[in-house]
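Q: Okay, handing you the structure first.
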Amino acid sequence: MTDFSRAFEAIDSFAARWVEELGIPGLAIAITDREKLLRVASFGYADLASRAPVTADTLFEIGSLGKPFTSMSLLQLREEGRLDLEAPVTEYLPWFRVKSKHAPITVHHLLNHTAGIIRGTDLAPHGLYDVWALRQSATSAPPGEFFWYSNLGYKTLGVLLERVTGQSLGEVVQSRILDPL
């Protein structure tokens, strides 16, 4: 068996320094190979007020790590012939609106953060409200022209994915990605 102890020490040293220098409250690192979990290391606090440490069982918000799951699911639908990436979003969500003097926003524009959506609300856990509220905003540029990271673009894709599949986003990710793994 390979001895990873020096690599683990270097990772621990880097992570501890990173937590300290960047003021990160806490983090956990899991190291795997293709077959098994090799190691879990935790640093800092899960709750600063109580000074409860991060452990291997600490739950973290998934944040933007959901975007690859959404993308993979949409690309699977494309492979199945159920989704056209170059189609306007309104083909799948007829009520979708963003004020614009430009060509329609396509699924592809949302996938690669080039839809021209630069702001909007980001208030609700489910994206439906926030996507509906985009009708109060305007694009900043023609779709496809500039990159602007957009959580709302991906919330729109999540709603679109639910519409095309008839399942919740969680069900789609579970059945298309996690279960096969």
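Q: Residue by residue through the range 148-172, note down the ones that are buried (at least 18 other Cβ atoms within 10 Å of the Cβ) and either in a loop (DSSP other than H, G, I, E, B) or out of contact with any Leu (no Cβ under 9 Å at 6 or more places or on another chain) (or both).
A: Within the range 148-172, SER150 is the sole residue that qualifies.
Q: Only one of these is assigned to a helix (DSSP H, G or I) and within 18 Å of SER175 (Cβ to Cβ): LEU65, LEU77, LEU110, LEU83. Name it.
A: Of LEU65, LEU77, LEU110, LEU83, the one residue that is assigned to a helix (DSSP H, G or I) and within 18 Å of SER175 (Cβ to Cβ) is LEU77.
Q: Give me a count of the residues in the range 17-31 that are closer than 11 Å to SER42 by Cβ and either open to solvent by less than 50 Å² (accessible area, probe 1.4 Å) or assigned to a helix (DSSP H, G or I) (or both).
A: Count: 5.
Q: What pairs can you find where one residue is in the range 39-67 and surrounded by fewer than 16 Cβ atoms within 10 Å (Cβ to Cβ), the other is in a loop (DSSP other than H, G, I, E, B) and among the aromatic types (Phe, Trp, Tyr), and their Cβ atoms are less than 9 Å apart, with a gap of 6+ or different chains?
A: ARG39/PHE4; SER64/TYR149
Q: Given the criteria under 23 Å from the mean Cα position of the chain (by Cα) and among the small types (Gly, Ala, Ser), does ALA16 qualify?
A: In short, no.
Listed here are the residues, each with its yes/no results for (1) out of contact with any His (no Cβ under 9 Å at 6 or more places or on another chain); (2) modelled with pLDDT of 95 or more; (3) farther than 17 Å from SER64 by Cα; (4) of a type in the set (A, V, I, L, M).
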residue	(1), (2), (3), (4)
SER100	yes, no, yes, no
PRO104	yes, yes, yes, no
ASN112	yes, yes, no, no
ALA115	no, yes, yes, yes
THR121	yes, no, no, no
GLY127	yes, no, no, no
SER150	no, no, no, no
VAL164	yes, yes, yes, yes
LEU181	yes, no, yes, yes
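The values are calculated or read from the model by the stated rules, or taken from the named source; none is laboratory data. Worth saying up front: this structure is predicted, and the values here are computed from it rather than measured. Cβ: placed from backbone, ideal geometry, glycine included. Neighbour counts: every protein chain shown. Ligands, DNA and RNA are stripped out before the accessible areas are found, and what is left, the full protein with its side chains, is counted by its heavy atoms. Shrake-Rupley method; radii C 1.70, N 1.55, O 1.52, S 1.80 Å.
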